[in-house]
Amino acid sequence: MLRLTLAVARKDLSLTLWRGNGLMQALLLGLLLFFVFSLSQEVGENLSPQSAAAVFWLSSTFCQVLIFNQLYALEEINNSHLGLLLSPAPILAVWLGKAIAGFVLLLFAQLLFLPAAVVFLGQSLHGPLPPAVAILLLVDTGMCALGSLLGALAQGQAASESLLSIVLFPLLTPLLLAGIGVDAQTFGNHSSNGPDAWMGIACAFDAIFLAVGLLLFSFIYAGEE
């Protein structure tokens, strides 16, 4: 299973980076959000740390939708996902492989979104970095576990981006609130609550989304037939 998981992740990353269209759209959409929100401020005025963190995670979420829609669209050509269903390896390797590929692509996008928050929104890093890095990895893990599951659900549907967005955004709300809470402190927002409570929430929802993915992905992916 591990070998097929890594093979699926490597294949998806190679095709996505080689074609570049889906990833470029995701990056441009995220950067466009930073630019648009920067225009809402007066000259010399900076967005609040809380708002800047919200823009960062909003851009990440829209980027994630496009990433997983692209990852599952790779198998729609010539019904090549039938080969994955007919392979003797566990079908859960497809979910894990695409989640890993999406995780890598999302992290890559966020490496561009962070400088965009500094440049367009006038932010700087005031708080400790280890909690920010930890919450980034925790929230991304939950986002990609759920995104990979719902990407399979939206596969082959008309307007799949819309379907994925409608289902995904409400479920991600607790994770996004955790990311915003910790990153706002990193950008300089003073809060009486430390990052520990937010990290506990992120860990809890990561466990829920991973468990749901393990239980349901095989039925969802095979049910597309």
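The values are calculated or read from the model by the stated rules, or taken from the named source; none is laboratory data. Here the structure is a predicted model, which means the values were calculated and not measured. Virtual Cβ from ideal backbone geometry, glycine too; neighbours counted across all protein chains shown. The area values use the complete protein model at the heavy-atom level, side chains included, leaving out ligands, DNA and RNA. Shrake-Rupley method; radii C 1.70, N 1.55, O 1.52, S 1.80 Å.
So the values come out like this:
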| quantity | calculated |
| --- | --- |
| Inter-residue pairs, beta-carbon under 6 Å, first aromatic (F, W, Y) and in the range 119-137, second open to solvent by less than 30 Å² (accessible area, probe 1.4 Å), 6+ apart | F120/F34; F120/S38 |
| Residue list for the range 7-21, restricted to those being small (G, A, S), assigned to a helix (DSSP H, G or I) and surrounded by fewer than 19 Cβ atoms within 10 Å (Cβ to Cβ) | A7, S14 |
| Count of the range 189-225 residues which are surrounded by 15 or more Cβ atoms within 10 Å (Cβ to Cβ) and either at positive phi or not in a helix (DSSP H, G or I) (or both) | 2 |
| Any hit, the range 168-183, residues being at pLDDT 90 or above, of a type in the set (S, T, Y) and under 21 Å from L29 (Cα atoms) | yes |
| Neighbours by Cβ (under 9 Å, 6+ apart or cross-chain): first from the range 88-114, small (G, A, S); second outside any helix (DSSP H, G or I) and open to solvent by less than 50 Å² (accessible area, probe 1.4 Å) | A93/S87 |
| From R19, R10, residue being out of contact with any Phe, Trp or Tyr (no Cβ under 6 Å at 6 or more places or on another chain), modelled with pLDDT of 85 or more and charged (D, E, K, R) | R10 |
| E42 vs. criteria farther than 18 Å from L149 by Cβ and not in a helix (DSSP H, G or I) | yes |
| Residue check for A93: assigned to a helix (DSSP H, G or I), in contact with a Ser or Thr (Cβ under 7 Å, 6 or more places away or on another chain), aliphatic (A, V, I, L, M) and within 28 Å of I135 (Cα to Cα) | yes |
| A116 touching a helix residue (DSSP H, G or I) at 6+ places or on another chain (Cβ under 8 Å), assigned to a helix (DSSP H, G or I) and over 17 Å from D206 (Cα atoms) | yes |
| Residue in the range 29-39 that is open to solvent by 60 Å² or more (accessible area, probe 1.4 Å) and on the phi > 0 side of the Ramachandran plot present | no |
| Residue count for the range 105-140, restricted to those that are aliphatic (A, V, I, L, M) and surrounded by fewer than 18 Cβ atoms within 10 Å (Cβ to Cβ) | 11 |
| Residue check, L164 in a helix (DSSP H, G or I), under 19 Å from F68 (Cα atoms) and modelled with pLDDT of 80 or more | no |
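Let's see how each residue does on (1) at pLDDT below 85; (2) open to solvent by 30 Å² or more (accessible area, probe 1.4 Å); (3) basic (K, R); (4) within 19 Å of G142 (Cα to Cα):
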position: N46; (1), (2), (3), (4): yes, yes, no, no
position: E75; (1), (2), (3), (4): yes, no, no, no
position: H81; (1), (2), (3), (4): yes, no, no, no
position: V94; (1), (2), (3), (4): no, no, no, yes
